[in-house]
1. Points 7 angstrom from Cα along the Cβ direction at TYR173 and VAL160: gap in nanometres?
2. For LYS204 and GLU121 in the same chain, what is the full-extension length gain: residue separation times 0.36 nm, less their Cα-Cα distance, in nm?
3. Hey, what number do you get for the chain at 222 nm if only DSSP H runs of n ≥ 4 count, each worth -39500 (n - 2.57), divided across all residues, to the nearest 500?
4. Say the dipole of the chain comes from +1 at the beta carbon of Lys and Arg and -1 at that of Asp and Glu; which of CYS60, THR170, PRO156 then lies farthest toward its positive end?
5. Give me TYR189, TYR173, TYR98, TYR132 sorted ascending by neighbouring Cβ count inside 10 Å, so fewest comes first.
6. Among HIS120, HIS12, what is the fewest-to-most ranking by other Cβ atoms within 10 Å?
7. Roughly how many whole Å is it from the C-alpha centroid of region 117-148 to that of region 54-85?
8. How large is the charge dipole for region 94-195, taken about the Cα centre, if only the Cβ atoms of Lys, Arg (+1) and Asp, Glu (-1) carry charge, to the nearest 20 debye?
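What follows is calculated from the coordinates using simple rules that are stated; it is not laboratory data. The structure presented is a predicted model; accordingly, all values stated were derived computationally and were not measured. Neighbour counts run over all protein chains shown; Cβ positions are idealised from the backbone, glycine included.
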Amino acid sequence: MSARTIAIGDIHGCVRALDGVLDAVAPTTEDTLIVLGDVVDRGPRSREVIDRLLALQRQCRLIALRGNHEEMMLDALDGRIDARVWLQFGGRATITSYGGSLEGVPESHRRFLKEMRLFHETETHFFIHANYVATLPLDQQPLQVALWEHLTAMVPPPHVSGKCAVVGHTPQYDGEVLDLDHLICLDTYCVGGRWLTAMSFPDKQIWQVDGEGRLRDAGRDEPNGGKGLTP
Ligand SMILES: [Mn+2]
């Protein structure tokens with residue numbers, strides 16, 4: 001199999017879903033796997049999600065993008081915001097997963113959070129947590145837009161680079177990938193009871209699993225062995 005580029009939507013502490021989607025995708029050392037941010041918060045097992053991602057760095061080329069939830073966690077860890085603000089936005093579950101206090105977050109996890117990038121790009125696509133300003137280069141995107149701005153507030157026109165944007169952050173409550181041709185959203189609301197989605201680029205193969213890690217339509221007879229769905 002040749003090298004693939006695969007993005008995964010917002011995990012939010014759903015480690016069984018992450019395990020399920022990784023089983024389905026079966027990344028090799030040749031593959032680039034991009035997590036689109038918001039790997040922590042809301043769901044119950046954020047600590048284990050970061051453990052899995054640290055292990056995954058040894059199995060494939062992992063690109064971990066920062067989401068607004070990682071930003072809040074880092075700000076709380078470093079004392080830049082009152083931790084109570086973060087706790088209200090899903091941080092409570094994360095703290096619990098670390099044994100009940102910020103002191104329980106190991107150095108390796110702090111480093112992982114700090115090293116998360118704001119964007120990643122290929123020849124044809126770019127990947128960023130929330131949104132973008134169409135007229136600005138990727139390295140000049142405002143954090144407020146890149147990490148926080150929902151698509152419900154602004155659907156941007158195609159980016160000046162001509163590349164297709166791949167984002168998470170704005171939950172698709174129906175569980176379906178939003179594909180506007182110039183913009184694709186992979187947050188299919190796993191933490192809310194829908195799907196965790198992985199999509200490969202540029203060929204757009206989709207894998208979706210539920211919160212228990214069960215593949216969507218796994219019972220369907222598929223020519224590729226049930227490992228993926230063709231959109
Ligand atoms: Mn987000």
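1. With each label point 7 Å from Cα toward Cβ, the separation is 3.6 nm.
2. Details: separation 83, 0.36 × 83 = 29.88 nm, distance 1.60 nm.
Taking LYS204 through GLU121 to full extension adds about 28.3 nm, to one decimal.
3. Values: 6 runs with 51 residues, N = 231.
Rounded to the nearest 500, the figure is -6000 deg cm²/dmol.
4. CYS60
5. Details: TYR189 20, TYR173 12, TYR98 16, TYR132 24.
The most exposed by this proxy come first: TYR173, TYR98, TYR189, TYR132.
6. HIS120, HIS12
7. Comparing the Cα centres of region 117-148 and region 54-85, I get a distance of 17 Å.
8. Working: 6 positive and 12 negative charges, 56 e Å.
Taking the Cα centre of region 94-195 as origin, the dipole is about 280 debye.
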